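What follows is a single structure, written as structure tokens, with notes after it.
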Amino acid sequence: MVGVVPRLLRGPLGAIFTQAAPLRSVPSALRHLTRSSVMKSERRPDHLERTADVVRQEVVSAAKVCGVASESPSVKRLRLLIADKDFSFKAGQWVDFFIPGVSVVGGFSICSSPRLLEQERMIELAVKHTSHPPALWIHNQCTLDSEVAVRVGGEFFFDPQPADASRNLVLIAGGVGINPLLSILRHAADLLRGRASTGRGYEMGTVRLLYSAKDTSELLFKKNILDLVNEFPEKIACSLHVTKQTTQITADLRPYITEGRITQKEIRDHISKETLFYICGPPPMTDFFSKELESSRVPREHICFEKWW
């Protein structure tokens, strides 16, 4: 995965979660894991190779699986209880995912908001079924109380400070590329709630999500997304695209569904000097929309993207 972050911002519901037992210390197989020991491995897994130059935190925290659910026929969602109090992340970032007994390190975007971690010491991940060993482990072997370790990394995030200028967001997602964008969307909603309740904090602009998948069964987090749209009808909107729909679309989804891909016109309609664009999906999609935005004279520092390979 590759990410670009705007300079001005430096600085996966098929089942109800079942709660697991309290988290213990770091698993013994991971207790002495450090960045140097991982990065100097003779056979670095693909994720570590591709992100070797990306900023990471030093903290490697033990984590316990305390919730497992099917988000779609091909995506499993995990809720992890984080042990280390120094573990933190910005909306949009990912984790290195270390599994005892699995030599390959996973790389998965966090789909929950930073506030869930602050309040409950938990994060959520949504992982698509593939032949990649970490994804296979999650789909075939992971159970409640499974112990892993995680470390935050990534330069694709939305982390405005209270005094920053108000910005609108356009979030463009393809497939499981929704994960970091859902984290950003949830964070934006938390900022809106905070401002409404206290009159202080960052003044969030509007947020529009453009999200494309094969069919409605593969549109992840539908209920979560629509709940936020209904909670903030003047601030949050979504357009859900399906490209290979073969079944009837349910009445609750129909108002939000467009059959066909996201178009250039939809994007151009939301261009303004106050708008930041976040794109996450397959490389051809991110390349296409980032180039389209540049050709429409959107400043490069207002275009943020992450490619999932």
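The values are calculated or read from the model by the stated rules, or taken from the named source; none is laboratory data. All figures in this text were calculated on a predicted structure; none of them were measured in a lab. Heads up, the Cβs are rebuilt from the backbone with ideal geometry, glycines too, and the neighbour counts pull from every protein chain shown. Just so you know, the surface numbers come from the protein's heavy atoms only, side chains and all, with ligands and any DNA or RNA stripped out. Shrake-Rupley method; radii C 1.70, N 1.55, O 1.52, S 1.80 Å.
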Each residue of segment 201-209 in order: what ³J(HN,Hα) in whole Hz does its phi give by Karplus 6.51 cos²θ - 1.76 cosθ + 1.60, θ = phi - 60°, with x for Gly and Pro? x, 5, 8, 6, x, 8, 10, 10, 9
Might you work out the accessible area of ASP164 for me, using a 1.4 Å probe with all protein chains in place, and round it to the nearest 10 Å²? 60 Å²
Rounded, prolate or oblate: which fits segment 90-179, taking a ≥ b ≥ c as square roots of the Cα gyration tensor eigenvalues, rounded meaning a/c under 1.5, else prolate when a/b beats b/c? prolate
Based on the Cα coordinates of segment 182-248, what is the per residue volume of their convex hull in Å³? 80 Å³
Report Rg/Rh for segment 204-291, rounded to two decimals, where Rg is the Cα radius of gyration and Rh the Kirkwood radius. 0.96
Using a simple spin-label model with points 7 Å from Cα along the Cα→Cβ vector, what separation in nm is obtained for GLU259 and SER70? 2.6 nm
Sorted by chain and then number, the residues having a modelled amide H within less than 5 Å of the amide H of ALA91, at least 5 places away or on another chain, are PHE158
Within segment 167-245, list the trypsin sites (Lys or Arg not before Pro) lying in a DSSP loop whose Cβ has at most 11 other Cβ atoms in a 10 Å radius. ARG200, LYS244
Where a ≥ b ≥ c are the square roots of the eigenvalues of the C-alpha gyration tensor, would you call segment 52-139 rounded, which needs a/c under 1.5, or, failing that, prolate if a/b is larger than b/c, or oblate? oblate
Computed E for GLN161/ASN230 - FRET, C-beta separation, R0 25 angstrom, nearest 0.05: 0.30
Cα-derived Rg to Rh of segment 139-218, Kirkwood definition: 1.07
Order by accessible surface, 1.4 Å probe, largest leading, for residues ARG79, ARG56 comes to ARG79, ARG56
Taking amide H positions as placed in the peptide plane 1.01 Å from N, state which residues far from SER239 in sequence (5 or more) or on other chains have amide H under 5 Å from it. LEU209, LEU210, TYR211
GLU266 versus VAL59, label points 7 Å from Cα toward the beta carbon: distance in nm? 3.7 nm
Each residue of segment 250-265 in turn: what ³J(HN,Hα) in whole Hz from Karplus with 6.51, -1.76, 1.60 and θ = phi - 60°, glycine and Pro shown as x? 5, 4, 5, 8, 3, x, 9, 9, 10, 8, x, 6, 5, 9, 4, 4
Could you derive backbone 3J(HN,Hα) for segment 157-165 from the dihedral phi with the Karplus parameters 6.51, -1.76 and 1.60 (θ = phi - 60°), listing whole Hz in sequence and x where the residue is Gly or Pro? 7, 10, 9, x, 9, x, 8, 5, 5
Given a cut-off of under 8 Å on Cα pairs at least six residues apart, what relative contact order in percent is computed for segment 123-223? 30 percent
Expressed as a whole percent, how much of the Cα-Cα distance distribution for segment 140-272 exceeds 18 Å? 61 percent
Tell me the relative contact order for segment 168-256 as a rounded percent, counting alpha carbon contacts under 8 Å between residues six or more apart. 31 percent
Over the heavy atoms of THR258, what accessible area does a 1.4 Å probe trace out, to the nearest 10 Å²? 60 Å²
